[in-house]
Amino acid sequence: MFEKIIADLPYNPKIITDLGFYVRRIRQEESIRRLGLVFIVLAFFVQFFAFISPPSSSVAASTNDMINGGFSSKTELVADCTDNIKDYRTILMYYGIHCGDLGAGQTVSLVSTSYNKHLFSMGWNPQGRVNVITNKPTDEQPVSINTVASPLYWRYLWSWDTGSSSTYQAVEITASMTGRTYYILYTCGNLVSIGLPSPYVPPRPAPHPKPITTTIPTPTPTPTPTVTTTTAPTPTFTPCQYDSSIVASSSQCKPCEESLSSTDAVACIQYSKTAADNTQGLADANGKTANAGDEITYTLTAYNSGKATVSNFVMQDDLSYVLDYANIVSDDNGNLNNSGILSWPAVNIAASASETHTIVVTVKNPVPQTLPSSSDPEYFDHIMTNIYGNTININLPQSPITVVATATSSLPNTGPGNSLIFAAIIVVIAGYFLARSRLLILESGIAIQDNNGRNL
């Protein structure tokens, strides 16, 4: 339109009024574009500051964290290790890692699916064979460390991914006693290994050499040789205590198929758990929704499916995800530690026998509406998750705010960096149209002046 008016103006001076109307509209458009550009630039600076100073999670630390709430610097990490927070130094030393190794590490971005998806992360809480949040396999492996009260668990790092992969800020370290590479996650302090690691075994000290002494032998008369006859011993058959048809030294001589050796009777224990909502009259509360104030009864069973007695067996249950939303009413004379692990005195479980305990809890009223944790998606996720062989999930009602927060947590994580690039593109486009409007006004003014000069 502007080009048509300018082209016809020398031949039809009367359309100068149309050009004046067009200029007024362009000036209005310019003011609107200028205001829009101001707001776009302000949004750009907001994204810029979000990029250079990213926010951190404000929710409480997860009980799965090896360092509560993680750490913000290597100095803080070394201090937590030196102070042996939550037995952190003891755990690292079990794998040949000194606290000084942490300070010598470097910060890197760790992709959960690196090393052909063979990254394992260690945490305090068991997850079971399948992650209940992502439905991905965990290949969970427990590990017990001397002087550490509760076991820890290795599982695939990528089993926590809600998408194809996740990227973590981590400290890459080298264990000075083994030369093995490990990673420590900033968000939780959890240890990450390439494959399942073996505990560090100190080398045996070299034996002290015996002093060499020189003696002068005394000559003795040469004895007369004698001929003796020996009889080969008859081999004896020692039957396996679990199966008399095989020898005791056979690799098949073991209490059950799951056992790794003839003395591995604990592997024969089968774990199971049930939950009932007494208030709603539900015999099976797994997968159901409990209300505030509901009374829930958990029943734990450890059954010995093997052929040998399991001695000094300790039943223990991790209630950390349950206690986020409930209080214990009765625990069958158990002992609850600060990490939410409930345990009972050691017992002997005979072959084909079982040991059972019950726990009664009451859902808090009102139900806590704390937002989910960034380092542990199962922490405050409004599901009372409990694992003892099988997984028990009891849902809880959510407020609209937590529903939105949970839904947005599964959206693609574009990050402030990508948003910053997008905002920069919008600024350039808006600036172009503003400059174009100003150029049209300038050209219109020149055309009007030229036409007025010709009319004079």
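With respect to T370, determine if the residue is within 30 Å of Y298 (Cα to Cα), in the same structural domain as M315 (by TED's automatic domain parsing) and modelled with pLDDT of 75 or more. Give the derivation first.
Working: within 30 Å of Y298 (Cα to Cα): yes; in the same structural domain as M315 (by TED's automatic domain parsing): yes; modelled with pLDDT of 75 or more: yes.
Spelling it out, T370 is indeed within 30 Å of Y298 (Cα to Cα), in the same structural domain as M315 (by TED's automatic domain parsing) and modelled with pLDDT of 75 or more.
Against the condition surrounded by fewer than 14 Cβ atoms within 10 Å (Cβ to Cβ), farther than 18 Å from H382 by Cβ, assigned by TED's automatic domain parsing to the domain that holds P345 and not small (G, A, S), how does D284 come out, does it pass?
Working: surrounded by fewer than 14 Cβ atoms within 10 Å (Cβ to Cβ): yes; farther than 18 Å from H382 by Cβ: yes; assigned by TED's automatic domain parsing to the domain that holds P345: yes; not small (G, A, S): yes.
When the stated conditions are applied, D284 passes them.
Taking the condition out of contact with any helix residue (DSSP H, G or I) (no Cβ under 6 Å at 6 or more places or on another chain) and at pLDDT below 90, does F51 pass?
Details: out of contact with any helix residue (DSSP H, G or I) (no Cβ under 6 Å at 6 or more places or on another chain): no; at pLDDT below 90: yes.
No.
Looking at (1) within 21 Å of F71 (Cβ to Cβ); (2) surrounded by 21 or more Cβ atoms within 10 Å (Cβ to Cβ), which is the one condition that is false for T181?
(2)
Out of the residues in segment 59-106 meeting the condition of being buried (at least 18 other Cβ atoms within 10 Å of the Cβ) and hydroxyl-bearing (S, T, Y), tell me which one is nearest to Q169 (Cα to Cα).
Among those that are buried (at least 18 other Cβ atoms within 10 Å of the Cβ) and hydroxyl-bearing (S, T, Y), it is S62.
Tell me which residues, restricted to segment 284-320, are within 18 Å of Q127 (Cα to Cα) and part of a loop (DSSP other than H, G, I, E, B).
Answer for segment 284-320, where residues must be within 18 Å of Q127 (Cα to Cα) and part of a loop (DSSP other than H, G, I, E, B): N286, G287, M315, L319, S320.
So in segment 251-281, with the set limited to residues that are of a type in the set (S, T, Y) and in contact (Cβ under 8 Å) with a residue 24 or more places away in the chain, which one is farthest from V143 (Cα to Cα)? Break it down into steps so the answer makes sense when it comes.
If we filter segment 251-281 for residues that are of a type in the set (S, T, Y), which is where we start, we get 251, 259, 261-263, 271-272, 274, 279.
Filter once more, keeping what is in contact (Cβ under 8 Å) with a residue 24 or more places away in the chain: 259, 271-272, 274.
Details: S259: 16, Y271: 17, S272: 20, T274: 25 Å.
Here the residue is T274.
Which of the residues spanning segment 336-360 are of a type in the set (S, T, Y), assigned to a loop (DSSP other than H, G, I, E, B) and surrounded by fewer than 14 Cβ atoms within 10 Å (Cβ to Cβ)?
In the first step, residues of segment 336-360 are kept if they are of a type in the set (S, T, Y); the result is 339, 343, 352, 354, 356, 358.
Now drop any that are not assigned to a loop (DSSP other than H, G, I, E, B), which leaves 339, 352.
S352 - this is the single residue of segment 336-360 that is of a type in the set (S, T, Y), assigned to a loop (DSSP other than H, G, I, E, B) and surrounded by fewer than 14 Cβ atoms within 10 Å (Cβ to Cβ).
Being surrounded by 14 or more Cβ atoms within 10 Å (Cβ to Cβ), in contact with a Pro (Cβ under 9 Å, 6 or more places away or on another chain), in contact (Cβ under 8 Å) with a residue 12 or more places away in the chain and not hydrophobic (A, V, I, L, M, F, W, C) narrows it down to one residue among T289, T301; which is it? Give the derivation first.
Values: T301 fails: in contact with a Pro (Cβ under 9 Å, 6 or more places away or on another chain).
Exactly one residue qualifies, and that residue is T289.
Please indicate, with yes or no, whether at least one residue in segment 399-413 is at pLDDT 70 or above and assigned to a loop (DSSP other than H, G, I, E, B).
yes
Take P239 and tell me if it is out of contact with any helix residue (DSSP H, G or I) (no Cβ under 7 Å at 6 or more places or on another chain), farther than 30 Å from D65 by Cα and modelled with pLDDT of 85 or more.
Values: out of contact with any helix residue (DSSP H, G or I) (no Cβ under 7 Å at 6 or more places or on another chain): yes; farther than 30 Å from D65 by Cα: yes; modelled with pLDDT of 85 or more: yes.
For P239, the condition - out of contact with any helix residue (DSSP H, G or I) (no Cβ under 7 Å at 6 or more places or on another chain), farther than 30 Å from D65 by Cα and modelled with pLDDT of 85 or more - is met.
The values are calculated or read from the model by the stated rules, or taken from the named source; none is laboratory data. Not measured: the values here are computed from a predicted model. All Cβ positions, even for glycine, are placed from backbone atoms using ideal geometry, and neighbour counts span all protein chains on display.
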